[in-house]
1. As a check on your grasp of the helix formula, calculate [θ] at 222 nm for the chain: sum -39500 (n - 2.57) over DSSP H runs of n ≥ 4, divide by the residue count, round to the nearest 500.
2. Assign one of three labels to the stretch 1-115, namely rounded, prolate or oblate, based on the Cα gyration tensor with a ≥ b ≥ c the square roots of its eigenvalues; rounded applies when a/c is under 1.5, prolate when it is not and a/b is larger than b/c, and oblate otherwise.
3. About the Cα centre, and with charges only on the beta carbon of Lys, Arg (+1) and Asp, Glu (-1), how big is the dipole of the chain? Nearest 20 debye, please.
4. In nanometres, what is the gap between the two model label sites at Phe273 and Ser8, each 7 Å from Cα along Cα-to-Cβ?
5. Placing one identical point scatterer on every Cα of the stretch 233-336 and ignoring solvent, what is log10 I(q)/I(0) from the Debye formula at q = 0.09, 0.11, 0.14, 0.20 Å⁻¹?
6. Taking a label point 7 Å from the Cα of Arg109 along the Cα→Cβ vector, which residues of the stretch 75-92 have an amide N closer than 13 Å to it?
7. What helices does the chain have that are whole DSSP H segments, at least 20 Å long along their own axis by Cα, and with mean Kyte-Doolittle hydropathy of 0.0 or more?
8. When the distances between all Cα atoms of the stretch 1-45 are binned every 10 Å from zero, what whole-number percent does each bin get?
Amino acid sequence: MFLSQTVSLSDFSSTAEARRVGARMAASLGLNETKSGETAIVITEAARNAVVYGGGGQLVLSGIKSKNETRMEILALDRGPGIADLSRALQDGYSTGGTPGTGLGAIKRMAEVFDVFSNAKGTAIFARIEQPENGQRSRKSSVEFAGLVTPITGERASGDNLAVDVAGDRCIVLVADGLGHGQQAADAADEAVRVFRAYSHESPASLMTRLHDALKKTRGAAAAVAEIRPLAGTLTYAGVGNISGSILSSTLSRSLVSHNGTLGHVMARVQEFKVEWPKDGILIMHSDGLQSRWDLSRYPGLLARQPALIAGVLLRDFRRERDDASVLVVKGAASI
C-alpha cells in the first residue's frame, strides 16, 4: 500500500489541518496508538516550523505498508531564508521565533529516521515513523527509496503514481503518468501499478509489454520501469513516453532513454538498456510534472541526504504547477 497527500501550509489553521490529514492516514495504515501520537507531534512541529520560519510551504505525507513494516513519512518544505545554525536549532528548547522551541529537537527524538537540508532557497525537513510488523524490524535493504506524488491544483486525484518492490538483492520500480489529469488519468496510473505489483518479478521489458496490453482499456499512460541489482552493479531500464530517468554518483551522470509513445495506444517497441549501477548510485525518475533541466550541483550536500529530501527539493523548486507531478529517488547503500 502506498498513500500520499499534500497539505498547503499558510498559517496555524493549516497546521491543524495537516494534523487531521495525518491522523486519517495513520489510521488507514494501522499505526498503533503510540506511533499515531508520535506522528501527530512530528507533523505539528514540522508544519509549525514551515509557517513560523519559512513563511509557509507544504507538507507531504506518505504512507507505505508492506508485509514487514509500516512507514509514515513526513516531509515539510518551505522557501524561507534557511536555518542559519542548524546544530543549535536541533536542540530541544531552542527557538528564535517566540515558540516553545520543541520543534526540530522533538522531531529528531521521536523519528526513527530524521534529516534536514537547508540553504538560502529554503528548508526541507524529513522524518520517518516506523512500526515493525510482528514485532520484528525488517532487514536493512541494499537500497533506500522515497517517492512523492502530488496532483495538479484543483484536483484531488493525481494522474501520476509510483510503485517499488524490493526482494533480496533486487529493487524494481515503476513511475506512471496517466494521460491528462483527473480521475481517468488516475485510473490509468492505478492500473499500471496493479499490473506492476502482480508481475514485479518479471523483467522491465516484459512488464512494459504487460502494461501496454492492460492499459488499452484506459486512456493510456507514459511509464518507465527500472531494475537495480546492487551486487551485480547493474541497472536495467525500459520506458515509453515522457518519464525522465537519471543516474548520479561521484563518478558519473547518465540520462536514461525512454522511447516515444503512449502505453495502451501506441508503443512502437520495447527496448531495455542495461548500464552500470555504482555502489554510491542515485536513481532519479520523474514525470513531466517536473522540469527536466534541474541541476543538483547547485545544492551542495543534497545528494548526501535522505532520498526524501532529494525528492522534496526537486518537487519544491522544479515542479510545473499546471500538471500532476511525481518523483522517485533510489539510493545505493554506500550513498546513504
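The values are calculated or read from the model by the stated rules, or taken from the named source; none is laboratory data. Remember, predicted model here, so these are calculated numbers, not experimental data. As a convention, Cβ positions derive from the backbone with ideal geometry for all residues, glycine included, and neighbour counts pool all protein chains shown. Surface areas here come from the heavy atoms of the whole protein model, side chains and all, with no ligands, DNA or RNA. Shrake-Rupley method; radii C 1.70, N 1.55, O 1.52, S 1.80 Å.
1. Numbers: 7 runs with 92 residues, N = 336.
Helices in the chain give a 222 nm mean residue ellipticity of -8500 deg cm²/dmol.
2. Values: a/c = 2.04, a/b = 1.56, b/c = 1.31.
The shape class here is prolate.
3. Working: 38 positive and 35 negative charges, 45 e Å.
Dipole about the Cα centre, nearest 20: 220 debye.
4. Spacing of the two 7 Å Cα→Cβ label points: 3.7 nm.
5. Per q value, in the given order, log10 I(q)/I(0) is -0.24, -0.35, -0.57, -1.08.
6. Within reach of a label on Arg109: 90-92.
7. Working: long enough: 12-29 (26 Å, 0.07); 33-54 (30 Å, 0.06); 182-198 (24 Å, -0.29).
TM-like helix candidates: 12-29, 33-54.
8. Percent of pairs per bin, in order: 28, 55, 17, 0.
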